[in-house]
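Down below is the structure, laid out as structure tokens.
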Amino acid sequence: MAKFKYIGQSLTRPDAISKAIGKAQYLDDIRLPGLLHTAILHPDFAHAEILSIDVSEAEAMPGVVKVVTGKDSTILYGDNIRDISPMAVDRVRHIGDHVAAVIAETKHQAQEAVKKITVKYAPLPVYTDARDAIAPGAVLIHPKADTYWHLPGLGGVPGTNIANVYTLQKGDVAKGLEESEVVVEGEFVYPHGSCAAIEPHGAIVRFNEDGTIDAWSSSICPFIIRDDLAHAYHRPSAQVRVRIPEVGGCFGYKSDITVEQTVAWIASHVPGRPVKWVASRREDFTSTLIGHGFRHRMRIGAQKDGTLVAIQADILHSTGAFSDTGVHVCNAATHNCTGPYEFPNALLQSKCVYTNTPPVGAFRGYGHQEGHFAVERLMDILARKLNMDPFELREKNYLGQGKKNAAGERFYSSNGSVRECSDIIKKTLFTGEKPMEDDEYYYGRGFAAVMKSPKGAPHSSKSCYIKINPDGSANVNMGGAEVGQGLRMAVQQIAGEALQIPPEKIRVYPEIDTQYCPWEWQTIGSMFTTQGGRAIIRAAKKIIDMLKENASKALLVPTDMLEWDGKKVYLRHDPAICATIGQLAHGYMTETGITVGEVVHAGADARLPRYSNPDVNGQGGLGVEYTFGAQGCQLRIEKKTGRILIDHFASSFDVGTVINPKQIRGQIVGGVMMGLGASLYEVLQYDENGNILNPSYAKYRFPGFKEAPGKQTVECVENPGEIGPFGARGIGEHPVVGVAPAVLNAIHDAIGVDFAELPVTPEKIRAVLKQG
């Protein structure tokens, strides 16, 4: 007999048809009365003082309504560190910075007029790498950084370009390394890349005559946008309304506030009329958020039997021109860089460093893939030094029941099993011998174990509102953003299971509106299923309790004698005595017309229990709900070209409970493709002046169908957790985490070369093969 009625089925997504036939509405589809368009001027230099701006010629261009600069702006915004201005005031800090803007009746008019703005600059030194930005004598990118507001626990080093320092200490790492019988170390580089979603960033903002503000955004954090705009323009949050239509992909960089404050600053100069800006493809690369930029220097100490003793990591993060969106990515990359292993001693320190690149924000994986790249490469290197099977080494040290991670969090059996996932990959890819080298190819196999925590704010919550209709259907409203991950399908299935109502009778919200949707911090960290699903179950319980209360009044029996089956409330020992949902949804109406009971609707929310900020040692409840997994690949390297072909990639994650099998496979297969992009193709390239050389789909290389693995195996383990709905855990970001180390471990297996910097391109392969 099936454990669940609707959970575990591969149902069709509720938004599938509208997207397939092109009727889904995205930001650029929105047309409003009186709509104006804006074009933004970006600087000629990645770092320079602004000496003067001449807008006179632009103001005279046809259709121009207003030309805006940052001259009079006093706004600094940011949720972690307020170091961002909506438009450059006295200096530019990266090549995509916002210098001035033209507001015009049409987009073309704005684009033509912005070319007529003349700016004089005094160039400053440009640093695209954190190592250069912290070198002695480096010019300060933010001379007033020590005056910026920041959250408690955050803060940089005065007089330097270091925006934040985070240190985690467990045990005595110096003593641990000294007592280790074997020590391995290395430096690993995960360069800048772009999320490069199909839909670029965009926003529409209108300052209304009554003092209210309306905004539309292609973002996943409407309530943060609302509160930030309210703070910047001295309005009550209730007077700011933010709407999110369909979002055409995110992968991280549409979390946090990005372009909305800039568009709002521009729109504030033309009250009464909405102003739209949608990034060009180039601007989406240069003028929004990018990802990664990590350099991990790591040492691991172990005993000769493979027992891990100590880990030390020094991490530099090239966080870009502003640190607000990168600081927590950096922190996550630090406290998660120990992977799924127990180290008795750990000293992990990161420096988040201002550089003259676009600011770094979230990228699917949020710091985990960068840290795993280092630790999983070193685990293979350590196994070779110990002359030990790499699986045996890992199995000896996996986190599990009773063990503690670097953050000091204790693990339980309900956290899942990395060992079970590892065994699946071993059986799938490592049974028998790999193919022998031939005239055309080298062959290799590689493995990586995975641990992914959610990463958010301790107060982060998901809220749910459910309304029951007399015909037995239900409406569910939440604040989570659907960005292609199948969130609405998960909501339907979880709500259907919790309410015992068929999912097809449940309508899930088609867009987010801060006026009507319940509060949610933002949709990040692979937390929606875990927290949002729990909120749905809590709201559903309230709904069922209300139906029973109404039925109690109708049937004249106590509620504890009643049951609910999705259609009616009935007396447990005599189901014929019942009241239908149609009789109860709006209260129970007696034969006289007198109505008793309440209209059935309810709200609830859910947070991660005991989720906290770091303590003085950098430890605490920093993850709470972890998902374990394992990934591996079998590849070929073409001798003639250096081309790497992935023949088989396998992934296994302990997801607790599979909500939708087809959807979870799509998540994992897609995540693997993103991970392969970072491993073998993707990197933002800069020249010495901070110009991005490949800000387009034509030049920014990422894998397509031709580069997809010949075969992808996905097998999930289901050890139910204690926190998520029906035992489910997060899985959205996890599939990217282990890809790079698995691939590079396989490359070493094939040709005996240890690469430590991504991406590993055919040119790099040819170079090492040529060296012999």
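The values are calculated or read from the model by the stated rules, or taken from the named source; none is laboratory data. The model shown is predicted, which means the values in this text are computed figures rather than measured ones. As a convention, Cβ positions derive from the backbone with ideal geometry for all residues, glycine included, and neighbour counts pool all protein chains shown. Side chains are part of the model used for accessible areas, which takes the heavy atoms of the whole protein and leaves out ligands, DNA and RNA. Shrake-Rupley method; radii C 1.70, N 1.55, O 1.52, S 1.80 Å.
In this structure, is Pro143 modelled with pLDDT under 95, outside any helix (DSSP H, G or I) and surrounded by fewer than 16 Cβ atoms within 10 Å (Cβ to Cβ)?
Against the criterion (modelled with pLDDT under 95, outside any helix (DSSP H, G or I) and surrounded by fewer than 16 Cβ atoms within 10 Å (Cβ to Cβ)), Pro143 does not qualify.
Specify the residue that is nearest to Lys66 (Cα to Cα); the eligible residues are those in segment 253-278 that are open to solvent by 10 Å² or more (accessible area, probe 1.4 Å), of a type outside the set (A, V, I, L, M) and part of a loop (DSSP other than H, G, I, E, B).
His269
Working carefully through the options Leu177, Leu154, find the one that is open to solvent by less than 30 Å² (accessible area, probe 1.4 Å), at pLDDT below 95 and either out of contact with any Leu (no Cβ under 7 Å at 6 or more places or on another chain) or under 30 Å from Pro695 (Cα atoms) (or both).
Only one candidate qualifies: Leu154.
Exactly one condition in (1) out of contact with any helix residue (DSSP H, G or I) (no Cβ under 7 Å at 6 or more places or on another chain); (2) part of a helix (DSSP H, G or I); (3) aliphatic (A, V, I, L, M) is false for Ile537; which is it?
Just one mismatch for Ile537, condition (1).
So the check is Cβ under 6 Å with 6+ separation or different chains; which pairs have a first residue in segment 707-721 that's open to solvent by less than 40 Å² (accessible area, probe 1.4 Å) and a second one that's among the aliphatic types (A, V, I, L, M) and at pLDDT 95 or above?
Pro709/Ile646; Gln712/Val669; Thr713/Ala650; Val714/Ile668; Cys716/Val655; Cys716/Val658
Can you name every residue in segment 155-186 that is outside any loop (DSSP other than H, G, I, E, B) and hydroxyl-bearing (Ser, Thr, Tyr)?
Residues of segment 155-186 that are outside any loop (DSSP other than H, G, I, E, B), as a first pass: 162-170, 173-179, 182-186.
Once the filter is applied, which keeps residues that are outside any loop (DSSP other than H, G, I, E, B) and hydroxyl-bearing (Ser, Thr, Tyr), segment 155-186 yields Tyr166, Thr167.
Taking the residues in segment 451-474 that are over 21 Å from Thr627 (Cα atoms) and open to solvent by 10 Å² or more (accessible area, probe 1.4 Å) as candidates, determine which candidate is nearest to the chain's Cα centre (by Cα).
My answer is Ser463.
Only residues in segment 233-246 that are farther than 13 Å from Asn208 by Cα count as the first member; pair them with residues that are in a helix (DSSP H, G or I) and open to solvent by 30 Å² or more (accessible area, probe 1.4 Å), Cβ under 7 angstrom, at least 6 apart or cross-chain, and list the lot.
From segment 233-246, the pairs are Ser237/Arg226; Ser237/Asp227; Val242/Arg226.
With (1) within 30 Å of Leu154 (Cα to Cα); (2) open to solvent by 10 Å² or more (accessible area, probe 1.4 Å); (3) of a type outside the set (Val, Ile, Thr) as the list, and Ser413 as the residue in question, which single condition is left unmet?
Here Ser413 meets the rest and fails (1).
Can you name the residue in segment 279-301 that is farther than 26 Å from Thr38 by Cα and among the hydrophobic types (A, V, I, L, M, F, W, C) and is also surrounded by the fewest Cβ atoms within 10 Å (Cβ to Cβ) among such residues?
Among residues in segment 279-301 that are farther than 26 Å from Thr38 by Cα and among the hydrophobic types (A, V, I, L, M, F, W, C), the one surrounded by the fewest Cβ atoms within 10 Å (Cβ to Cβ) is Met298.
Going by what's in this entry, would Val739 be described as of a type in the set (A, V, I, L, M, F, W, C) and within 22 Å of Lys455 (Cβ to Cβ)?
In short, yes.
Are there any pairs, at least 6 apart or on different chains, whose C-beta atoms fall under 6 Å, with the first in segment 482-507 and at negative phi and the second crowded, with 23+ Cβ neighbours inside 10 Å and of a type in the set (D, E, K, R), and if so, which?
Arg488/Glu482
So which residues in segment 717-766 are under 25 Å from Thr657 (Cα atoms), among the hydrophobic types (A, V, I, L, M, F, W, C) and in a helix (DSSP H, G or I)?
Answer for segment 717-766, where residues must be under 25 Å from Thr657 (Cα atoms), among the hydrophobic types (A, V, I, L, M, F, W, C) and in a helix (DSSP H, G or I): Phe726, Val736, Val739.
Is it the case that segment 466-483 has a residue that's at pLDDT below 95 and of a type in the set (Val, Ile, Thr)?
Looking for residues that are at pLDDT below 95 and of a type in the set (Val, Ile, Thr), one finds at least one in segment 466-483, hence yes.
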